[in-house]
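Asker: Have a look at this one.
The values are calculated or read from the model by the stated rules, or taken from the named source; none is laboratory data. These numbers were taken from a predicted model, which means no experiment stands behind them. Using ideal geometry, Cβ is built from the backbone for each residue, glycine included, and neighbour counts are taken over all protein chains shown. What goes into the accessible areas is simple: the full protein's heavy atoms, side chains included, and nothing from ligands, DNA or RNA. Shrake-Rupley method; radii C 1.70, N 1.55, O 1.52, S 1.80 Å.
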Amino acid sequence: LRAAQVMNVLSELERMKKLKDDGLATQQALDDAVSEAEAVASRVEAAHAQVRAAEEDLNQVRARLAKGRIFAPIEGIVSERRANVGDLVGEAGANQPLFHIVDNRVLNLTVSVPSASMAGLRNGQLLEFATDALPGRTFRGTVMFINPAVSEADRSVRVIAEVNNAAGELKGGLFVQGRIVTGRREGVILVPREALSGWDVAGRKAKLFIVEADRAKSREVRTGLATEGGVEITAGLKPAETYVVRGAFNV
(Lines give C-alpha, C1' and ligand atoms only; values in the text may rest on other atoms or scores of the structure.)
Protein backbone atom coordinates (compact mmCIF):
# COMPACT_ATOMS: atom_id res chain seq x y z
CA LEU A 1 0.00 0.00 0.00
CA ARG A 2 1.49 3.26 -1.16
CA ALA A 3 1.54 6.45 0.91
CA ALA A 4 -0.13 8.38 -1.91
CA GLN A 5 -3.11 6.02 -1.80
CA VAL A 6 -3.49 6.49 1.96
CA MET A 7 -3.38 10.27 1.58
CA ASN A 8 -6.02 10.19 -1.17
CA VAL A 9 -8.40 8.13 0.99
CA LEU A 10 -7.95 10.46 3.99
CA SER A 11 -8.45 13.53 1.78
CA GLU A 12 -11.61 12.02 0.34
CA LEU A 13 -12.95 11.37 3.84
CA GLU A 14 -12.37 15.00 4.88
CA ARG A 15 -14.01 16.21 1.68
CA MET A 16 -17.08 14.05 2.32
CA LYS A 17 -17.36 15.36 5.86
CA LYS A 18 -17.43 18.95 4.59
CA LEU A 19 -19.91 18.11 1.87
CA LYS A 20 -22.16 16.37 4.44
CA ASP A 21 -21.98 19.39 6.71
CA ASP A 22 -22.95 21.61 3.78
CA GLY A 23 -25.78 19.27 2.82
CA LEU A 24 -24.18 18.38 -0.48
CA ALA A 25 -23.46 14.68 0.30
CA THR A 26 -25.61 11.90 1.62
CA GLN A 27 -24.99 9.97 4.80
CA GLN A 28 -24.37 6.87 2.71
CA ALA A 29 -21.55 8.59 0.82
CA LEU A 30 -19.97 9.64 4.12
CA ASP A 31 -20.32 6.14 5.54
CA ASP A 32 -18.68 4.71 2.44
CA ALA A 33 -15.76 7.15 2.84
CA VAL A 34 -15.41 6.22 6.52
CA SER A 35 -15.44 2.49 5.67
CA GLU A 36 -12.81 2.99 3.00
CA ALA A 37 -10.62 4.96 5.44
CA GLU A 38 -10.99 2.25 8.09
CA ALA A 39 -10.12 -0.44 5.55
CA VAL A 40 -7.03 1.50 4.49
CA ALA A 41 -6.02 1.93 8.16
CA SER A 42 -6.41 -1.82 8.69
CA ARG A 43 -4.26 -2.56 5.67
CA VAL A 44 -1.62 -0.10 6.93
CA GLU A 45 -1.58 -1.75 10.34
CA ALA A 46 -1.34 -5.17 8.69
CA ALA A 47 1.59 -3.92 6.61
CA HIS A 48 3.28 -2.60 9.76
CA ALA A 49 2.76 -5.98 11.42
CA GLN A 50 4.34 -7.70 8.42
CA VAL A 51 7.31 -5.33 8.62
CA ARG A 52 7.75 -6.06 12.33
CA ALA A 53 7.56 -9.80 11.69
CA ALA A 54 10.11 -9.50 8.89
CA GLU A 55 12.42 -7.48 11.14
CA GLU A 56 12.10 -10.13 13.84
CA ASP A 57 12.93 -12.84 11.31
CA LEU A 58 15.90 -10.79 10.14
CA ASN A 59 17.15 -10.37 13.72
CA GLN A 60 16.87 -14.10 14.30
CA VAL A 61 18.79 -14.83 11.11
CA ARG A 62 21.47 -12.34 12.13
CA ALA A 63 21.68 -13.91 15.59
CA ARG A 64 22.07 -17.39 14.09
CA LEU A 65 24.68 -16.07 11.68
CA ALA A 66 26.58 -14.41 14.54
CA LYS A 67 26.56 -17.69 16.48
CA GLY A 68 27.90 -19.47 13.43
CA ARG A 69 30.96 -17.22 13.28
CA ILE A 70 33.90 -18.29 15.41
CA PHE A 71 36.35 -15.66 16.59
CA ALA A 72 39.70 -16.55 18.12
CA PRO A 73 40.46 -14.87 21.46
CA ILE A 74 44.11 -14.38 20.42
CA GLU A 75 46.12 -13.87 17.28
CA GLY A 76 48.03 -16.92 16.16
CA ILE A 77 48.18 -19.95 13.90
CA VAL A 78 45.83 -22.93 13.94
CA SER A 79 47.97 -25.89 14.97
CA GLU A 80 45.11 -28.38 15.28
CA ARG A 81 41.58 -28.50 13.86
CA ARG A 82 39.08 -30.78 15.58
CA ALA A 83 36.00 -29.91 13.50
CA ASN A 84 35.37 -30.37 9.80
CA VAL A 85 33.06 -28.64 7.35
CA GLY A 86 29.54 -29.97 7.86
CA ASP A 87 30.05 -31.09 11.46
CA LEU A 88 27.31 -30.07 13.91
CA VAL A 89 28.81 -28.23 16.86
CA GLY A 90 26.90 -26.73 19.73
CA GLU A 91 25.97 -27.42 23.30
CA ALA A 92 26.55 -31.15 22.89
CA GLY A 93 30.21 -30.46 22.18
CA ALA A 94 30.54 -27.29 24.23
CA ASN A 95 33.37 -28.78 26.28
CA GLN A 96 35.30 -29.86 23.21
CA PRO A 97 37.65 -27.28 21.64
CA LEU A 98 37.20 -26.78 17.92
CA PHE A 99 40.67 -25.43 17.20
CA HIS A 100 44.01 -25.22 18.91
CA ILE A 101 45.71 -21.87 18.27
CA VAL A 102 49.31 -21.07 19.12
CA ASP A 103 51.20 -17.81 19.15
CA ASN A 104 54.91 -18.59 18.82
CA ARG A 105 56.09 -14.99 18.60
CA VAL A 106 56.93 -15.03 22.32
CA LEU A 107 57.55 -18.38 24.04
CA ASN A 108 57.77 -19.31 27.70
CA LEU A 109 60.69 -21.58 28.47
CA THR A 110 60.32 -23.65 31.67
CA VAL A 111 63.54 -24.99 33.17
CA SER A 112 64.60 -26.62 36.43
CA VAL A 113 67.55 -25.26 38.40
CA PRO A 114 69.18 -27.24 41.26
CA SER A 115 68.30 -25.75 44.62
CA ALA A 116 72.02 -25.42 45.38
CA SER A 117 72.21 -22.73 42.68
CA MET A 118 69.01 -20.88 43.53
CA ALA A 119 70.76 -18.15 45.53
CA GLY A 120 72.15 -16.64 42.34
CA LEU A 121 68.82 -16.49 40.49
CA ARG A 122 67.26 -13.10 39.73
CA ASN A 123 64.48 -11.86 37.47
CA GLY A 124 65.86 -10.25 34.34
CA GLN A 125 68.90 -12.53 34.07
CA LEU A 126 70.00 -13.76 30.67
CA LEU A 127 69.33 -17.40 29.78
CA GLU A 128 71.24 -19.06 26.94
CA PHE A 129 70.11 -22.41 25.55
CA ALA A 130 70.33 -24.78 22.61
CA THR A 131 68.14 -27.56 21.25
CA ASP A 132 68.90 -30.70 19.26
CA ALA A 133 66.19 -29.67 16.78
CA LEU A 134 68.41 -26.79 15.61
CA PRO A 135 72.00 -27.97 16.10
CA GLY A 136 74.74 -25.38 16.26
CA ARG A 137 72.35 -22.58 17.19
CA THR A 138 72.25 -20.68 20.47
CA PHE A 139 69.14 -18.82 21.63
CA ARG A 140 68.52 -16.37 24.44
CA GLY A 141 65.75 -15.60 26.86
CA THR A 142 65.10 -13.50 29.95
CA VAL A 143 64.17 -14.90 33.37
CA MET A 144 60.66 -13.67 34.18
CA PHE A 145 59.50 -15.91 37.05
CA ILE A 146 61.20 -17.90 39.81
CA ASN A 147 59.00 -20.35 41.69
CA PRO A 148 59.10 -19.53 45.41
CA ALA A 149 58.77 -23.25 46.30
CA VAL A 150 61.34 -26.02 45.79
CA SER A 151 60.15 -29.24 44.16
CA GLU A 152 60.08 -32.08 46.68
CA ALA A 153 60.67 -34.64 43.93
CA ASP A 154 64.15 -33.52 42.83
CA ARG A 155 64.88 -30.45 45.00
CA SER A 156 64.92 -28.12 42.03
CA VAL A 157 63.47 -24.68 41.41
CA ARG A 158 61.19 -24.05 38.45
CA VAL A 159 62.16 -21.00 36.41
CA ILE A 160 60.22 -19.50 33.51
CA ALA A 161 62.02 -17.40 30.91
CA GLU A 162 60.56 -15.35 28.09
CA VAL A 163 62.03 -16.05 24.65
CA ASN A 164 61.56 -13.71 21.69
CA ASN A 165 60.71 -15.92 18.71
CA ALA A 166 59.65 -13.36 16.12
CA ALA A 167 61.36 -15.37 13.37
CA GLY A 168 59.34 -18.45 14.29
CA GLU A 169 62.35 -20.78 14.36
CA LEU A 170 61.48 -22.36 17.71
CA LYS A 171 58.38 -24.50 18.26
CA GLY A 172 56.45 -25.22 21.40
CA GLY A 173 57.23 -28.51 23.13
CA LEU A 174 60.96 -28.67 22.35
CA PHE A 175 63.49 -29.94 24.90
CA VAL A 176 66.46 -27.64 25.48
CA GLN A 177 69.66 -27.44 27.47
CA GLY A 178 71.14 -24.20 28.65
CA ARG A 179 72.42 -22.02 31.42
CA ILE A 180 71.40 -18.90 33.29
CA VAL A 181 74.05 -16.23 33.42
CA THR A 182 74.17 -15.21 37.09
CA GLY A 183 77.32 -13.10 36.77
CA ARG A 184 80.40 -12.32 34.71
CA ARG A 185 84.06 -12.00 35.72
CA GLU A 186 87.00 -11.01 33.57
CA GLY A 187 90.49 -12.49 33.68
CA VAL A 188 89.42 -15.88 35.05
CA ILE A 189 91.96 -18.72 34.75
CA LEU A 190 90.38 -22.05 33.75
CA VAL A 191 92.13 -25.40 33.54
CA PRO A 192 90.70 -28.72 32.30
CA ARG A 193 89.41 -31.00 35.04
CA GLU A 194 91.75 -33.79 33.98
CA ALA A 195 94.74 -31.55 34.76
CA LEU A 196 93.86 -31.54 38.48
CA SER A 197 94.97 -34.23 40.88
CA GLY A 198 93.70 -34.76 44.40
CA TRP A 199 90.91 -32.27 43.82
CA ASP A 200 89.07 -31.51 47.06
CA VAL A 201 85.85 -29.98 45.77
CA ALA A 202 84.48 -29.07 49.20
CA GLY A 203 87.82 -27.72 50.40
CA ARG A 204 88.35 -25.89 47.08
CA LYS A 205 91.92 -27.09 46.59
CA ALA A 206 93.83 -29.36 44.22
CA LYS A 207 97.28 -29.99 42.80
CA LEU A 208 98.77 -29.13 39.42
CA PHE A 209 102.05 -30.15 37.83
CA ILE A 210 103.71 -26.90 36.76
CA VAL A 211 106.45 -27.05 34.12
CA GLU A 212 109.49 -24.88 34.98
CA ALA A 213 112.80 -25.19 33.12
CA ASP A 214 111.69 -28.45 31.55
CA ARG A 215 110.91 -29.92 34.96
CA ALA A 216 107.47 -30.70 36.36
CA LYS A 217 106.78 -29.65 39.93
CA SER A 218 103.63 -30.34 41.95
CA ARG A 219 101.94 -27.20 43.21
CA GLU A 220 98.84 -26.76 45.33
CA VAL A 221 96.26 -24.42 43.83
CA ARG A 222 92.95 -23.00 45.03
CA THR A 223 89.86 -23.81 42.96
CA GLY A 224 86.65 -21.89 42.39
CA LEU A 225 83.67 -22.49 40.16
CA ALA A 226 83.49 -25.49 37.87
CA THR A 227 81.90 -25.21 34.43
CA GLU A 228 81.77 -27.25 31.25
CA GLY A 229 84.80 -25.29 30.06
CA GLY A 230 86.97 -26.24 33.05
CA VAL A 231 87.71 -25.43 36.67
CA GLU A 232 88.49 -21.93 37.91
CA ILE A 233 91.87 -21.45 39.58
CA THR A 234 91.71 -18.61 42.10
CA ALA A 235 95.26 -18.88 43.45
CA GLY A 236 98.50 -20.76 42.76
CA LEU A 237 98.62 -20.37 38.97
CA LYS A 238 99.59 -17.36 36.90
CA PRO A 239 98.56 -16.57 33.33
CA ALA A 240 100.90 -18.02 30.69
CA GLU A 241 102.38 -20.63 33.06
CA THR A 242 102.74 -24.10 31.56
CA TYR A 243 101.19 -27.07 33.31
CA VAL A 244 100.66 -30.75 32.58
CA VAL A 245 97.19 -31.62 31.28
CA ARG A 246 97.47 -35.36 30.62
CA GLY A 247 99.62 -38.11 31.98
CA ALA A 248 100.40 -36.40 35.25
CA PHE A 249 100.19 -39.74 37.05
CA ASN A 250 103.33 -40.79 35.16
CA VAL A 251 105.32 -37.72 36.21
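Asker: Rolling a 1.4 Å sphere over the protein heavy atoms, what is the accessible area per residue of segment 1-159, to the nearest Å²?
Answerer: On the way: 12210 Å² over 159 residues.
I get 77 Å² per residue for segment 1-159.
Asker: While we're here: Can you tell me which of Thr110, Thr234, Thr182 moves the most in a GNM of the chain? Springs connect C-alpha atoms under 10 Å apart.
Answerer: Residue with maximal mean-square fluctuation among Thr110, Thr234, Thr182: Thr234.
Asker: Give me the angle, in degrees from 0 to 90, between the Cα long axis of helix 3-21 and the longest principal axis of the Cα atoms of the chain, rounded to the nearest 10.
Answerer: 30
Asker: In segment 97-194, which chymotrypsin sites (Phe, Trp or Tyr not before Pro) fall in coil by DSSP and have 14 or fewer other Cβ atoms within 10 Å?
Answerer: Loop-located and lightly packed - Phe175.
Asker: Any idea which of Gly178, Asn165, Ala116 is furthest toward the positive side of the dipole for segment 110-210, if Lys and Arg beta-carbons carry +1 and Asp and Glu beta-carbons -1?
Answerer: After comparing all options, I get Ala116.
Asker: Let me ask something else. Mind checking the angle between helix 27-68 and the chain's longest principal axis? C-alpha axes, 0 to 90 degrees, to the nearest 10.
Answerer: Once rounded, the angle reads 10 degrees.
Asker: Hey, which aspartates and glutamates would be in cross-link range of Lys205, C-alpha to C-alpha under 20 Å, not counting anything within fewer than 8 residues on its own chain?
Answerer: Result set, ordered by chain and number: Glu194, Glu220, Glu228, Glu232, Glu241.
Asker: Over segment 170-219, with every protein chain in place, what whole percent of the accessible area is carbon and sulfur at 1.4 Å, could you tell me?
Answerer: Details: 1830 of 3810 Å².
Of the solvent-accessible surface of segment 170-219, carbon and sulfur hold 48 percent.
Asker: Can you tally the net charge around Ala37? Count Lys and Arg as +1, Asp and Glu as -1, for every other residue whose Cβ sits under 15 Å from the Cβ of Ala37. Don't skip to the end; give the middle numbers.
Answerer: On the way: positive: Arg15, Lys17, Lys18, Lys20, Arg43; negative: Glu12, Glu14, Asp31, Asp32, Glu36, Glu38, Glu45.
Summing Lys/Arg as +1 and Asp/Glu as -1 gives -2.
Asker: By how many nm would the segment from Ala29 to Leu190 lengthen if fully extended, with 0.36 nm per residue of separation less the alpha-carbon distance?
Answerer: Working: separation 161, 0.36 × 161 = 57.96 nm, distance 12.06 nm.
Taking 0.36 nm per residue and subtracting the Cα distance, the gain is 45.9 nm.
Asker: Taking loop as defined by DSSP and a crowding limit of 14 other beta carbons within 10 Å, which GluC sites (Glu not before Pro) in segment 169-207 fit? Write down the numbers at each step before the final one.
Answerer: Numbers: sites: Glu169, Glu186, Glu194; in loops: Glu169, Glu186.
Passing sites in segment 169-207 are Glu169, Glu186.
Asker: Place a label point 7 angstrom from the Cα of Val106 along the Cα-to-Cβ direction, then list the residues of segment 137-155 whose backbone nitrogen is under 12 Å away.
Answerer: Within reach of a label on Val106: 142, 144.
Asker: Please return the longest stretch of the chain lacking exposed loop sites, where trypsin sites (Lys or Arg not before Pro) count only if DSSP places them in a loop and at most 14 other Cβ atoms lie within 10 Å. Before the final figure, lay out each step's value.
Answerer: Numbers: sites that count: Arg2, Arg69, Arg82, Arg105, Arg122, Arg137, Arg155, Lys171, Arg184, Arg185, Arg246.
For trypsin sites (Lys or Arg not before Pro) (loop position, at most 14 other Cβ atoms within 10 Å), the longest site-free span of the chain is 3-68.
Asker: Further question on the same structure: Given Cα pairs under 8 Å that are at least 6 residues apart, what percent is the relative contact order of the chain?
Answerer: Relative contact order of the chain: 12 percent.
Asker: Local charge sum around Arg15 (other residues, Cβ-Cβ under 14 Å, Lys/Arg +1, Asp/Glu -1)?
Answerer: -3
Asker: How big is segment 97-187 along each principal axis, measuring the range of its Cα positions in Å and listing the largest first?
Answerer: The principal-axis extents, from largest down, are 46, 37, 22 Å.
Asker: Give me the extension gain from Ile74 to Ala116: residue separation times 0.36 nm, minus the current Cα-Cα distance, reported in nm with one decimal.
Answerer: Values: separation 42, 0.36 × 42 = 15.12 nm, distance 3.90 nm.
This chain segment gains 11.2 nm when fully extended.
Asker: Write down the Å³ per residue value for the convex hull defined by the alpha carbon atoms of the chain. Each step should come with its number before you reach the end.
Answerer: Details: hull volume 73.4 nm³, N = 251.
In the chain, the Cα convex hull volume per residue is 292 Å³.
Asker: Now for a different question. For His48 and Glu14, what does the FRET efficiency come to when R0 = 22 Å and r is the distance between their Cβ atoms, rounded to the nearest 0.05? Write out the running numbers ahead of the final one.
Answerer: Numbers: r = 23 Å, r/R0 = 1.04.
Computed FRET efficiency for His48 and Glu14 comes out at 0.45.
Asker: Let me ask you something else. Nearest 20 debye, what's the magnitude of the dipole of the chain about its Cα centre given +1 on Lys and Arg Cβ and -1 on Asp and Glu Cβ?
Answerer: Working: 33 positive and 32 negative charges, 406 e Å.
My answer is approximately 1940 debye.
Asker: Same structure, new question: Show me the GluC sites (Glu not before Pro) within segment 16-53 that DSSP assigns to loop and that have at most 12 other Cβ atoms within 10 Å of their Cβ.
Answerer: Numbers: sites: Glu36, Glu38, Glu45; in loops: none.
Nothing satisfies the criteria.
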